[in-house]
1. Please calculate how many Å² of accessible area the chain carries per residue, with a 1.4 Å probe and no DNA, RNA or ligand atoms counted.
2. Between GLU110 and SER283, what is the FRET efficiency for a Förster distance of 51 Å, r being their Cβ-Cβ separation, to the nearest 0.05?
3. For the residue pair ASP188 and ASP136, what label-to-label distance in nm results when each label sits 7 Å from Cα along the Cα-to-beta-carbon direction?
4. Contact order normalised by length for region 136-205, with contacts defined as Cα pairs under 8 Å and 6 or more residues apart; what percent is it?
5. Using only protein heavy atoms and a 1.4 Å probe, report how much of HIS172 is accessible, in Å² to the nearest 10.
6. Calculate, in nm to one decimal, what ARG71 and GLU161 gain on full extension: separation in residues at 0.36 nm each, minus their alpha carbon distance.
7. HN-Hα J couplings of region 182-197 from phi, Karplus 6.51/-1.76/1.60, θ = phi - 60°, integer Hz, Gly and Pro as x?
8. Name the residues whose placed amide hydrogens come within less than 5 Å of the amide hydrogen of SER96, ignoring near sequence neighbours (fewer than 5 apart) on the same chain.
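The values are calculated or read from the model by the stated rules, or taken from the named source; none is laboratory data. These figures come from a predicted structure and were not determined experimentally. Please note: Cβ atoms are built from the backbone with ideal geometry, for glycine as well, and neighbour counts cover all protein chains shown. With ligands, DNA and RNA removed, areas are computed over all heavy atoms of the protein, side chains included. Shrake-Rupley method; radii C 1.70, N 1.55, O 1.52, S 1.80 Å.
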Amino acid sequence: MSREEAGVGRVVLAGAPLGNIGDASARLREVLASADVVAAEDTRRLSRLARDLGVTVRGRVVSYFEGNDERRTPELVEALAGGATVAVVTDGGMPSVSDPGFRLVRAALEAGYPVTAAPGPSAVTTALALSGLPSDRFVFEGFLPRTGSNRRSRLRELAAEPRTLVFFEAPHRIAGALTDLSATFGADRPAAVCRELTKTYEEIRRGTLAELAVWAAEGEPRGEITLVVGGAPAGPPARPADQELREAVAGREAAGDSRRDAIQAVAEEYGLKKRDVYHVVHSGQ
């Protein structure tokens, strides 16, 4: 007899529509109506979703988001121990994919409780399919670091990745992210900004990173954004911009390196000759 048949609790990750309510599955309706506990990223959005679906949520509703998931997870595991079915639903897409849910999945599995899913829409694969970029192999990177220096550092690590990359980004950071991507990956790298997927004002903007950076700076795009970037082309990586090299040297100097050591380290990191980095740094003074 399985644990579920024996009345032992389980977790159900319920995929919610990205914006178009018509994308909701019959299983989502069933899960919301029958779960003993519904852990929702936003309880108000859950109420609207249930109303739009014509579903009555009879189970206990609790909030479960990034700021409280560590504290609330033990409570949900306790509910599992009592035989409850705990459904996890986010504002849109699949739970635990850059959204609440992963911590509960890990805790439930470690405690021996089954985890299943009522699959639904995903912004990652939707944007990838609409981008027009290669989709046979891709990498999902979630959200980039918030600060410019940390973001540029992460992008340098990804610059040579040959697979298509998918990112989530906030609208107030997309212009800066595209500018850094253009400087790090190369201005001509193809990309697509996918905004408000499946919603009334859905927009897919395709172009080079440089073109998209200009568009974002001028237009201040709003809404939820998924960014798809083409992988690195075959051959040697593009030489980084002079300003990026100067910032890399300055960062190492600020951390305590001498200028000589900082230039040496940056040259090795980017695969450049030391004298070339030296010239860039001193020509900018």
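1. 51 Å²
2. Taking R0 as 51 Å, the efficiency between GLU110 and SER283 is 0.35.
3. Result for the modelled spin labels: 2.3 nm.
4. 29 percent.
5. Its heavy atoms expose roughly 150 Å² to the probe.
6. So the chain would gain 28.7 nm between ARG71 and GLU161.
7. 4, 5, 8, 8, x, 4, 8, 5, x, 7, 9, 9, 10, 10, 6, 4
8. GLY101, PHE102
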